[in-house]
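Enquirer: Right, I'll just put the structure down here and ask away after.
The values are calculated or read from the model by the stated rules, or taken from the named source; none is laboratory data. Keep in mind that this is a model prediction, so the values were computed, not measured. Cβ placement follows ideal geometry from the backbone for every residue including glycine, while neighbour counts extend to all protein chains displayed.
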Amino acid sequence: MIEVVDLKKVYQSGEIAVEALKGISFKIEDGEMVAIVGPSGSGKSTLMNLLGCLDIPTAGSYLLDSKDVSKADDNELAEVRNNKIGFVFQKFNLLARDSILHNVETPLIYAGIKKKERIKRATNLLTKVGLGDRLDHNPNEISGGQRQRVAVARALVNNPSLILADEPTGNLDSKTEAEIIDLFHELNQQGHTIIIVTHSEEVARQTNRIIHILDGELVKDEVIG
Ligand code: ADP
Ligand code: ADP
């Protein structure tokens, strides 16, 4: 489903050009669960931004479900994101003053879905992540692990084939981390392709494949078995 070929990204700030990705190539098939690891500054966020259609490469191609999105304009990128990709972040990025039900329902407002259907879908997803009895609670009334469950439910609300998670357990203790990884395993078994950027060796080892990035290059592509 994902094929990147000789992907390059150069950030130009004034006179200075930073080559954040120096020509990366790989394929990720539907249903894989992949970790992307590497030291700070190696290009992981840049790669995630490209895979998530938040930005386009300076050179190289990115085929997502056989469609080349490497030269797409902002509207096309937004459409691909809304239809195919769910995002999970380290800091949860929830609306603090809204109920968790409203947090999960919100992306559907932009998709033009009617209120009754929105509530139904959001309720189902929150039930699936074990928060069906907390719908009216605000994010500050639940634990960190529960907040990340809300974020996962929100990422799923448009039924994306691809889930991109950037340090999803970075703010969680190890027990809660294990619960969130279990949830990702469950989603993976249901057919979602999952890509996780992580600093945690422990988390990376629980995926099927580890892509190691160093100085903007892919230095190791490791199958976990
Ligand atoms: P990582 O996520 O692995 O920490 P990044 O993708 O954030 O790495 O950064 C890769 C390189 O690109 C670093 O040298 C970083 O300073 C540089 N970089 C990232 N974003 C920008 C930007 N917007 N402008 C200029 N340089 C950037
Ligand atoms: P639209 O242009 O249709 O309003 P958005 O720009 O709001 O779309 O974003 C579409 C998707 O991309 C959302 O799921 C949102 O969470 C995600 N997104 C937007 N900006 C960022 C960002 N800077 N980093 C990570 N994800 C983002």
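Enquirer: What pairs come out if I take residues in the range 77-104 that are under 21 Å from PHE184 (Cβ atoms) and pair them with residues that are within 16 Å of ligand 1 (Cβ to nearest atom) and of a type in the set (A, V, I, L, M) whose C-beta lies under 7 Å away, six or more apart or interchain?
Expert: Listed pairs, sorted by first residue: ILE85/LEU164; PHE87/LEU164; VAL88/ALA165.
Enquirer: On to the next question. Please pick out the residue among ILE36, ILE56 that is touching a residue at least 60 places away in the same chain (Cβ under 8 Å) and over 20 Å from ASN158 (Cα atoms). Give the derivation first.
Expert: Numbers: ILE56 fails: touching a residue at least 60 places away in the same chain (Cβ under 8 Å).
Within the list ILE36, ILE56, the selection yields ILE36.
Enquirer: Spot the failing condition for GLY14; the list is (1) of a type outside the set (Ser, Thr, Tyr); (2) more than 24 Å from THR169 (Cβ to Cβ); (3) modelled with pLDDT of 95 or more, and only one is missed.
Expert: Only one criterion in (1) of a type outside the set (Ser, Thr, Tyr); (2) more than 24 Å from THR169 (Cβ to Cβ); (3) modelled with pLDDT of 95 or more is unmet by GLY14, namely (3).
Enquirer: Something else about it: Taking the conditions exactly as written (within 16 Å of ligand 1 (Cβ to nearest atom) and among the β-branched types (Val, Ile, Thr)), does VAL69 satisfy them or not? Outline the logic, then answer.
Expert: Values: within 16 Å of ligand 1 (Cβ to nearest atom): no; among the β-branched types (Val, Ile, Thr): yes.
Against the criterion (within 16 Å of ligand 1 (Cβ to nearest atom) and among the β-branched types (Val, Ile, Thr)), VAL69 does not qualify.
Enquirer: Cβ-Cβ under 8 Å, sequence separation 6+ or interchain: first residue in the range 110-122 and buried (at least 17 other Cβ atoms within 10 Å of the Cβ), partner in a loop (DSSP other than H, G, I, E, B) and not hydroxyl-bearing (Ser, Thr, Tyr). Which pairs?
Expert: Here the result reads ARG121/ILE113; ARG121/VAL157; ALA122/VAL157, each pair linking the range 110-122 to a residue that is in a loop (DSSP other than H, G, I, E, B) and not hydroxyl-bearing (Ser, Thr, Tyr).
Enquirer: Still on this structure: Report those helices (runs of 4 or more DSSP H) wholly inside the range 92-173 carrying at least 1 residues which are under 19 Å from the mean Cα position of the chain (by Cα) and closer than 30 Å to GLY43 by Cβ. Explain how you work it out, then say what you get.
Expert: On the way: elements: 100-110, 115-128, 144-156.
Counting at least 1 such residues, we get 100-110, 144-156.
Enquirer: If you check LEU47, LEU64, LEU51, LEU77, which single one turns out to be within 19 Å of ASP6 (Cα to Cα), more than 16 Å from ligand 1 (Cβ to nearest atom) and within 16 Å of the chain's Cα centre (by Cα)? Let's see the steps before the verdict.
Expert: Details: LEU47 fails: more than 16 Å from ligand 1 (Cβ to nearest atom); LEU51 fails: more than 16 Å from ligand 1 (Cβ to nearest atom); LEU77 fails: within 19 Å of ASP6 (Cα to Cα).
None of the other options fit; the residue is LEU64.
Enquirer: If you go through the range 200-210 one residue at a time, do you hit one that is in a strand (DSSP E or B), crowded, with 16+ Cβ neighbours inside 10 Å and over 13 Å from the mean Cα position of the chain (by Cα)? Write out each step before concluding.
Expert: Keep residues of the range 200-210 that are in a strand (DSSP E or B), which gives 209-210.
After this cut, where a residue has to be crowded, with 16+ Cβ neighbours inside 10 Å as well, the list is 209-210.
Then drop every residue that is not over 13 Å from the mean Cα position of the chain (by Cα), which leaves 209-210.
Scanning the range 200-210 turns up at least one residue that is in a strand (DSSP E or B), crowded, with 16+ Cβ neighbours inside 10 Å and over 13 Å from the mean Cα position of the chain (by Cα).
Enquirer: Let me ask something additional. Filtering the range 54-84 down to residues that are assigned to a helix (DSSP H, G or I) and near ligand 2 (Cβ under 9 Å from one of its atoms), which residue is modelled with the lowest pLDDT? Spell out the reasoning first.
Expert: Kept after step one, since they are assigned to a helix (DSSP H, G or I), are these residues of the range 54-84: 74-84.
Imposing the further condition that a residue be near ligand 2 (Cβ under 9 Å from one of its atoms) reduces the set to 74-75, 77-79, 81-82.
Working: ASP74: 96, ASN75: 96, LEU77: 96, ALA78: 94, GLU79: 93, ARG81: 94, ASN82: 90.
Residue satisfying both the conditions and the ranking: ASN82.
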